[in-house]
Amino acid sequence: MEIKKIRKIIILGHSGFVGKNLETYLNQSAKFEVIGRSLPEIDLTDLKQTRELIPFFSPENIVILGAAVKRQFGDTLDVFDQNMKIVENISRVLIESPVYQLIYMSSAAVYGEETENIDISESTLVNPTSFYGINKFTSECILRKTCDLNQITKLICLRPPLIYGPGDPANTYGPSGFSVAAREGNSITLWGDGTELREFLYIEDICRIIEIIIEKSAEGIFNAVSGKRYRFIDVINILKEKYPKLEINMRERSKNKVDNAFNPEKLAGLLGKEFKFVELREGIDKILNVS
């Protein structure tokens with residue numbers, strides 16, 4: 001199918017941090033009509049309400065599934081159950097009313113939060129160690145089976161690491177939370193020495209990645225990563241250049257230190273050489289400059 005035939009993009013979870021930014025980003029293009037749905041407009045844990053989406057589900061449209069009960073509400077069985085219900089209900093609608101492409105916002109948590117590996121690729125065995133990670137991988141499997149059954153929908157499963165940027169309501173442990181704390185004159189709690197390797201993905205980069213996925217009608221599993229490795233202490237050091245009196249409270253780790261980093265080759269092949277990721281320093285500056 002030619003991309004010009006795509007009429008609408010439906011973002012489920014458009015009121016969340018990623019969904020809101022994605023809706024704004026895609027609306028800048030005149031190529032598509034972008035439609036957003038989230039609580040309280042629609043409760044995707046309710047099948048009857050989910051079926052209200054059927055008029056939007058057609059082979060000419062794309063669905064981006066980012067709706068979920070966020071992990072900050074707890075890594076519990078109750079949250080797991082709600083998130084599984086969302087995917088189950090979307091799958092039931094997809095079998096009845098296939099779309100052209102489904103982009104599922106999965107997570108690098110499928111590889112395990114306690115995994116020591118500095119070359120994680122899409123072929124790395126999954127080993128989720130949280131209900132959140134288990135849900136994401138199980139959801140991928142359910143959606144893959146669903147798309148196989150309807151024989152129409154192209155499935156993309158994106159596995160991003162920690163996404164950060166201005167307006168992150170969770171103020172997560174990392175660039176977003178640290179930057180907001182520094183800007184507001186608050187101290188930062190650092191677990192251990194902050195030298196564990198991680199990847200942080202700027203919010204605009206995930207939006208640009210999704211745009212290219214849509215334009216190229218891609219399918220498959222992609223780690224949404226640049227391959228650039230950072231440490232939490234790198235964030236602190238950048239902030240201290242602007243806030244030299246920034247107070248850091250060191251705390252003993254509750255878990256063993258592990259390093260994880262990613263192999264970006266598969267995604268790089270899709271994005272092309274022209275794609276440039278936002279560097280950590282630039283991303284932090286963007287957060288600090290938001291009034």
Practice prompt. State yes or no: is residue 142 part of a helix (DSSP H, G or I), among the β-branched types (Val, Ile, Thr) and open to solvent by less than 10 Å² (accessible area, probe 1.4 Å)?
Written response: no
Worksheet item: What are the pairs, 6+ residues apart or on separate chains, where a residue within segment 269-285 that is farther than 14 Å from residue 210 by Cα has its Cβ under 6 Å from a residue that is assigned to a helix (DSSP H, G or I) and open to solvent by less than 60 Å² (accessible area, probe 1.4 Å)?
Response: 278/205; 281/238; 284/175; 284/179; 284/238
Worksheet item: How many residues does segment 220-278 hold that are out of contact with any Asp or Glu (no Cβ under 8 Å at 6 or more places or on another chain), of a type in the set (Lys, Arg) and under 30 Å from residue 100 (Cβ atoms)?
Response: 2
Worksheet item: For the subset of segment 270-291 comprising residues that are within 16 Å of residue 168 (Cβ to Cβ) and not in a helix (DSSP H, G or I), which member is least open to solvent (accessible area, probe 1.4 Å)?
Response: 278
Discussion item. So, restricting to strands (runs of 3 or more DSSP E) that lie completely within segment 1-116, which ones have at least 3 residues that are without any contact (Cβ under 8 Å) to a residue 40 or more places away in the chain and either under 21 Å from residue 154 (Cβ atoms) or open to solvent by 20 Å² or more (accessible area, probe 1.4 Å) (or both)?
Written reply: 33-37
Practice prompt. Kindly establish whether residue 267 is of a type outside the set (Gly, Ala, Ser), surrounded by 17 or more Cβ atoms within 10 Å (Cβ to Cβ) and not in a helix (DSSP H, G or I).
Written response: no
Worksheet item: Do you know which of the residues in segment 117-139 that are open to solvent by 40 Å² or more (accessible area, probe 1.4 Å) and among the aliphatic types (A, V, I, L, M) is farthest from residue 90 (Cα to Cα)?
Response: 118
Worksheet entry | Close pairs (8 angstrom Cβ cut-off, 6 or more residues apart or separate chains): polar (S, T, N, Q) in segment 249-265, part of a strand (DSSP E or B) and open to solvent by 100 Å² or more (accessible area, probe 1.4 Å) anywhere | 254/191
Worksheet item: Is it fair to say residue 139 is small (Gly, Ala, Ser), closer than 30 Å to residue 284 by Cβ and in contact (Cβ under 8 Å) with a residue 12 or more places away in the chain?
Response: no
Discussion item. Is it the case, given these coordinates, that residue 72 is within 19 Å of residue 200 (Cα to Cα) and not hydrophobic (A, V, I, L, M, F, W, C)?
Written reply: yes
Practice prompt. State all residues of segment 251-273 that are out of contact with any Lys or Arg (no Cβ under 9 Å at 6 or more places or on another chain) and polar (S, T, N, Q); if no residue qualifies, say none.
Written response: 254, 256, 263
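The values are calculated or read from the model by the stated rules, or taken from the named source; none is laboratory data. From a predicted model like this one, the values you see are computed outputs, not experimental measurements. Virtual Cβ from ideal backbone geometry, glycine too; neighbours counted across all protein chains shown. Areas reflect the complete protein model, heavy atoms only, side chains present, ligands, DNA and RNA absent. Shrake-Rupley method; radii C 1.70, N 1.55, O 1.52, S 1.80 Å.
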